[in-house]
Amino acid sequence: MASAKFKVDQIDHVELFVPDRYTAARWYEKTLGLHILAEHEDWAGPGGPLMISSDGGRTMLALFEGEPRGRRPTAGHHRVAFRVGGEAFLTFLKQVREVPVFNDSGEEVRELRIVDHDKAFSVYFCDPYGNRFEITTYDCTQVREHPESRR
């Protein structure tokens, strides 16, 4: 009888360091629609994470107080990529004009360059603390047909 091979189901959470968890949570809510998970907020005591999510906790960011990546080359994880549908991808591009993100130098960015990966489109940015992020979509037809993608 063959034994079952182990496999993970999904990414549960990614841990990030930020100077103030609640200030960071407000930025993530405004920018990416990630909300504090009330059922895990008790973990946010000294040294613990503040858990945020956009899908009810199936995938989460765990915000810890500490020294963020800042402008150093990769420290900790390299980048967190979020998958969205084509319409959400285009909405994010518009939203950045009003709710800016940051580049690797820490400067506010109000327009992102779309990278065409043939099978997917992505945009890259940082949070105010230098943590790197990507928004990616596999809805290529919808993005290719939209005027935003021709810039």
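None of the figures in this text is laboratory data; all of them are computed from the coordinates on show. These figures come from a predicted structure and were not determined experimentally. Ideal geometry is used to build each Cβ from the backbone, glycine not excepted, and the neighbour counts take in all protein chains shown.
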Next item on the list: Starting with the fewest neighbours, write out Thr137, Thr31 ranked by other beta-carbon atoms found within 10 Å of each beta-carbon.
Entry: Thr31, Thr137
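Classify the chain: rounded, prolate or oblate, from the alpha-carbon gyration tensor (a ≥ b ≥ c, eigenvalue square roots; a/c under 1.5 rounded; otherwise prolate if a/b is larger than b/c)?
Details: a/c = 1.78, a/b = 1.19, b/c = 1.49.
Taking the square roots of the gyration eigenvalues as a ≥ b ≥ c, the chain is oblate.
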